[in-house]
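Okay, so here's the structure we're looking at.
The values are calculated or read from the model by the stated rules, or taken from the named source; none is laboratory data. Every value quoted in this text rests on a predicted model; they were computed, and no experiment measured them. Heads up, the Cβs are rebuilt from the backbone with ideal geometry, glycines too, and the neighbour counts pull from every protein chain shown. Protein only, heavy atoms only, side chains kept; ligands, DNA and RNA dropped before computing areas. Shrake-Rupley method; radii C 1.70, N 1.55, O 1.52, S 1.80 Å.
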Amino acid sequence: MKKHLGKILLIVVPIVAALFLLYPTYEAAQLEGKEKEAKEKAKLAKNSADSLKIMENFKKQYGEALKSAKASRLKLGLDLRGGMYVTMEVDVVKLIEETATNETIDETFKDVIAKTRQEAKTTDEEAMSIFQRNFNAIARPQGKSLLNYFDVGNSKEISEEKIIEKLNNDIANAIDQAQEVIRQRIDQYGVSEPNLQKQGSRRIMLELPGVQNQDEMRSLLSTTARLEFKLVRNNADIAKAFAKIDKYLSDKIKSGKDIFAEELKAILPVADTTKVAQDTTKKAETAKTDTTKVAQDTTKKDSTKNPNDPYAGLSKEAASKKFMMDHPFTTMFMTMYSSPNGRNAQQFAYIGDVFPDGEYMFQIMKDSIDKFKLILSRPEIAALIPGDLEIAIEAKPDERYKKNNLEIFTFHALKKEAELTGDVVNDAVATYDQTNNAPIVLMEMNLDGAEAWARITGANIKKRIAIVLDGRVYSAPTVQNKITGGSS
């Protein structure tokens with residue numbers, strides 16, 4: 001036995017080590033199966049509260065284990081899973097060109113940019129180095145300096161060194177911002193275990209395991225990202241529009257008309273209208289004819305208290321089913337309402353046709369976002385939203401729910417037409433407020449932007465303006481006063 005012990009260990013140890021390394025992959029697969037089951041149960045739940053509870057229970061029980069298993073499991077790259085490999089390049093030359101002051105650009109500067117662009121196509125050399133070399137060769141012999149074309153904003157020290165420093169910082173920030181935009185888009189698409197990293201001075205390498213629809217992904221990645229400032233309109237008009245969507249969907253579901261695509265039908269409650277009507281009537285009669293005096297008194301009190309309540313007299317289960325069927329859209333998310341003075345925030349249930357003036361707030365679980373977007377994408381549903389408004393979801397989940405491992409996103413109704421775009425922003429720097437140590441962004445606008453920003457903020461005091469990048473809301477602060485001078 002001792003003679004063969006070495007051979008046995010040589011076989012057993014690698015097997016045990018392999019099992020140990022493979023276990024997280026097995027565990028992740030098992031937990032992903034449980035997560036899928038939980039999502040299916042959440043979809044079939046009677047209302048959004050039950051759906052939220054199911055997912056909350058799953059995340060409390062398995063959330064950390066799933067996260068840990070995913071982090072430790074074997075990563076299957078493109079060679080094993082297939083997928084898509086993309087190399088993207090940030091147009092640094094375009095950034096340099098657009099940073100120059102428009103009215104100073106002449107034929108000399110255009111020649112420098114054209115030469116720089118041509119050389120940048122055939123080399124991995126940093127674009128800024130190519131630009132400086134061509135500027136020195138073409139513009140300087142004509143008596144030009146960088147000061148003739150670039151502005152450093154409110155800096156007290158104006159020099160070519162400051163301009164070069166600013167351009168280098170802008171280029172580095174542009175690449176970081178491009179990575180962030182791409183990461184957000186990939187997260188929305190739902191790609192598992194993407195690999196995103198810088199490559200050289202201006203390229204971004206992207207591996208997308210498992211991606212099959214390459215045309216769709218290429219379209220997603222190639223769309224230009226825009227920074228926009230849009231007015232928030234979370235008012236009674238959008239709440240009324242959501243109620244109209246409820247009624248439209250409810251009527252179609254109850255009528256049984258086949259008007260939806262298969263994928264849309266799968267995420268809405270399916271109505272067996274005869275059975276629902278029979279169950280509702282039967283349960284209502286049972287509730288009314290209960291022999292106990294307590295039940296009779298309760299039903300009588302409820303009916304007296306809520307004479308216009310369409311759910312009065314129904315059992316809790318029957319009322320829940322009817323409410324879900326009546327509100328197939330608004331039960332996907334939570335609506336809070338605050339009076340015009342900003343007080344008395346309370347949940348809004350879309351019962352009746354009264355929509356008071358004030359501020360409405362909308363929040364939705366990450367697991368419901370896809371079906372929410374799918375419904376809104378239908379032309380007949382989009383037509384029920386006011387024509388000058390659009391729905392935009394925040395880029396990051398609400399921090400307040402993170403401690404419970406919940407990803408809940410706020411969404412807003414915004415004016416479609418932007419009040420201002422990022423073209424007017426000369427500089428933006430992340431820092432901290434010295435009074436409370438909260439993170440802030442210091443933003444400098446050009447002259448045109450400063451004038452427009454003063455007009456916009458002056459006309460919207462105590463109203464909210466959303467800062468939107470690539471269609472996602474990153475912040476929606478309330479305007480406290482008119483902002484002049486272009487600094488915010």
Exercise. Could you tell me the accessible area of Val441 in Å² (1.4 Å probe, neighbours in place), rounded to the nearest ten?
Key: 90
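Accessible area, 1.4 Å probe, largest first: how do Tyr311, Tyr62, Tyr26 sort? Walk me through the numbers before you get to the answer.
Values: Tyr311 25, Tyr62 55, Tyr26 135 Å².
Largest accessible area first, the residues go Tyr26, Tyr62, Tyr311.
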Quiz item: Using 1/(1 + (r/R0)^6) with R0 = 45 angstrom and r between the beta carbons of Glu37 and Val12, what's the FRET efficiency to the nearest 0.05?
Solution: 0.80
Quiz item: What residues qualify as long-range amide H neighbours of Phe333, i.e. H under 5 Å apart, gap of 5 or more or another chain, H built at 1.01 Å from N?
Solution: none
Quiz item: Working out 0.36 nm times the residue gap between Lys247 and Glu98, then minus their Cα-Cα distance, what length gain in nm do you get to one decimal?
Solution: 48.7 nm
Exercise. Rounding to the nearest 20 debye, state how big the charge dipole of the stretch 89-149 is about its Cα centre with +1 on each Lys and Arg Cβ and -1 on each Asp and Glu Cβ.
Key: 240
Practice problem: Please report, as a whole percent, how much of the solvent-accessible surface of the stretch 306-461 comes from carbon and sulfur atoms (probe radius 1.4 Å). | Solution: 51
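Can you classify the stretch 393-485 as rounded, prolate or oblate using the Cα gyration tensor, where a ≥ b ≥ c are the square roots of its eigenvalues, rounded means a/c under 1.5, and otherwise it's prolate if a/b beats b/c and oblate if not? Could you put the intermediate results ahead of the total?
Working: a/c = 1.94, a/b = 1.49, b/c = 1.30.
Here the stretch 393-485 falls in the prolate category.
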Quiz prompt | Cα-Cα pairs of the stretch 347-446 separated by more than 20 Å (percent) | solution = 62
Exercise. Starting from the Cα of Gln480, step 7 Å along the direction of its Cβ; do the same at Glu126; then give the gap between the two resulting points in nm.
Key: 3.9
Exercise. Could you work out, for the stretch 89-134, what percent of all Cα-Cα pairs fall into each 10 Å distance bin, beginning at 0 Å and stopping at the bin that holds the largest distance?
Key: 27, 59, 14, 0
Exercise. Using the structure shown, list the pairs from Lys39/Lys252; Lys7/Lys34; Lys322/Lys396; Lys416/Lys462 with a Cα-Cα distance above 31 Å, or answer none.
Key: Lys7/Lys34; Lys322/Lys396
Quiz item: Expressed as a whole number of Å, what is the distance separating the alpha-carbon centroids of the stretch 157-171 and the stretch 330-357?
Solution: 50
Exercise. Label the stretch 159-253 by shape, choosing from rounded, prolate and oblate, from the square roots a ≥ b ≥ c of the eigenvalues of the Cα gyration tensor; if a/c is under 1.5 it is rounded, and otherwise prolate applies when a/b is larger than b/c, oblate when it is not.
Key: oblate
Self-check item: Largest-first ordering by accessible area, 1.4 Å probe, given options Asp170, Asp357
Solution: Asp357, Asp170
Quiz item: Normalised by the residues of the stretch 323-409, what does the relative contact order come to in percent, with Cα pairs under 8 Å and at least six apart?
Solution: 25
Quiz item: If you look at just the Cα atoms of the stretch 330-369, how large are its Rg and its Dmax in Å?
Solution: 11.1, 33
Quiz prompt | Filtered GluC sites (Glu not before Pro), the stretch 386-455: DSSP coil and at most 10 other beta carbons within 10 Å | solution = Glu417
Exercise. Would you give the gap between the C-alpha center of the stretch 84-98 and the C-alpha center of the stretch 412-469, rounded to a whole Å?
Key: 26
